[in-house]
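S.K.: What follows is a single structure, and I will ask about it in a moment.
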Amino acid sequence: MQASPNTVDPAEIAKFEAMAAEWWDPAGKFKPLHMLNPCRLDYITAQIAGEFGRDLADDQPFAGLRLLDIGCGGGLLSEPMARLGAEVVGADAAERNLPVARIHAEQSRLDIDYRHTTAEALAESGEAFDVVLNMEVVEHVADPLAYLTAVRQLLKPGGLHICSTINRNPKSYAMAIFGAEVVMRWLPRGTHEWSKFITPDELYEFLRQAGLDPVDRKGFVFNPISWAWSISDRDLSVNYVTASLKPTT
């Protein structure tokens, strides 16, 4: 399927294609995501379990749920969702990410449907999901509202949308750009553009305009002393995540 020109930013896609081979290297260019991933998974699994009445102590608590991981990259979230029993589609507009994801899934003996496509193309084809994960993607698209509208179309009535991104303020510039790209060199310079960052209030408004009902937001907070991430009810100053529902009527 062809990437829609409405929201896909070719320059952003090129950045991630250049780093594709390093997705599963915990010490490589995606080190920040590997460090953040346990925190992301804690939030995601709790939200899905709560919304769909699942017991995370079960062997495959998400069995019977169809889940879309938009901007799946190398599969850092798609794989644990598949292990938990979900039927997973991983979509990415950066084509070079997908062979990496497919090979790693095969090595892990996981059945994941990876596709080179976009949210808009999936929506146009009539795909429908119980859960859509949209993690660290919305700050890279050309038109956030059009993109989130396509996401809403992809959800079944009552479906759950989880979206994480980066706040826009001086602290986020200092930590997400200067700190991560210049000082720590965790990411290549230019990976993020501060002007594309979205405040929590802006994202809530985009979600509402797209036809979704925001129900929760939390911060992902990095502690430089413990060198670990945690979920915060109050601190959304840099990284944060939201949960939204598609109305049933």
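S.K.: Report yes if ASP113 is open to solvent by less than 30 Å² (accessible area, probe 1.4 Å) and either within 20 Å of THR45 (Cα to Cα) or at pLDDT 95 or above (or both), otherwise no.
M.R.: Answer is no for this residue.
S.K.: Could you run through segment 51-78 and say how many residues are more than 13 Å from the chain's Cα centre (by Cα) and open to solvent by less than 40 Å² (accessible area, probe 1.4 Å)?
M.R.: 3
S.K.: From ILE162, ILE166, ILE198, ILE177, grab the single residue that is modelled with pLDDT under 90 and crowded, with 16+ Cβ neighbours inside 10 Å. So that I can check it myself, show each step before the final result.
M.R.: On the way: ILE162 fails: modelled with pLDDT under 90; ILE166 fails: modelled with pLDDT under 90; ILE198 fails: modelled with pLDDT under 90.
Only one candidate passes the filter, namely ILE177.
S.K.: Right, something else. May I ask you to verify whether ALA150 is farther than 19 Å from GLN47 by Cα, open to solvent by less than 10 Å² (accessible area, probe 1.4 Å) and assigned to a helix (DSSP H, G or I)?
M.R.: Yes.
S.K.: Taking ALA82 as the residue in question, decide whether it is part of a helix (DSSP H, G or I), within 24 Å of ASP42 (Cβ to Cβ), among the small types (Gly, Ala, Ser) and touching a residue at least 24 places away in the same chain (Cβ under 8 Å).
M.R.: Answer is yes for this residue.
S.K.: A further question follows. Could you give every pair whose Cβ atoms fall below 9 Å, whose first residue belongs to segment 36-61 and is more than 16 Å from VAL132 (Cβ to Cβ) and polar (S, T, N, Q), and whose second residue is open to solvent by 40 Å² or more (accessible area, probe 1.4 Å) and part of a helix (DSSP H, G or I), counting only separations of at least 6 or pairs across chains?
M.R.: Once the first residue is more than 16 Å from VAL132 (Cβ to Cβ) and polar (S, T, N, Q) and sits in segment 36-61, its partners that are open to solvent by 40 Å² or more (accessible area, probe 1.4 Å) and part of a helix (DSSP H, G or I) give GLN60/ARG83.
S.K.: Oh, and also: Could you tell me how many of the residues in segment 1-50 are open to solvent by 60 Å² or more (accessible area, probe 1.4 Å) and at pLDDT 90 or above?
M.R.: 3
S.K.: State all residues of segment 94-142 that are outside any helix (DSSP H, G or I) and touching a Phe, Trp or Tyr at 6+ places or on another chain (Cβ under 6 Å); if no residue qualifies, say none.
M.R.: Once the filter is applied, which keeps residues that are outside any helix (DSSP H, G or I) and touching a Phe, Trp or Tyr at 6+ places or on another chain (Cβ under 6 Å), segment 94-142 yields ALA94, VAL141.
S.K.: A further question follows. Conditions: (1) more than 16 Å from ILE162 (Cα to Cα); (2) charged (D, E, K, R); (3) open to solvent by less than 60 Å² (accessible area, probe 1.4 Å). LYS218 meets all but one. Number of the miss?
M.R.: The one condition LYS218 does not meet is (1).
The values are calculated or read from the model by the stated rules, or taken from the named source; none is laboratory data. The structure displayed is predicted, hence computed values, not measured ones. Quick reminder, even Gly has a Cβ in these numbers, built from the backbone with ideal geometry, and neighbours come from all protein chains shown. Ligands, DNA and RNA are stripped out before the accessible areas are found, and what is left, the full protein with its side chains, is counted by its heavy atoms. Shrake-Rupley method; radii C 1.70, N 1.55, O 1.52, S 1.80 Å.
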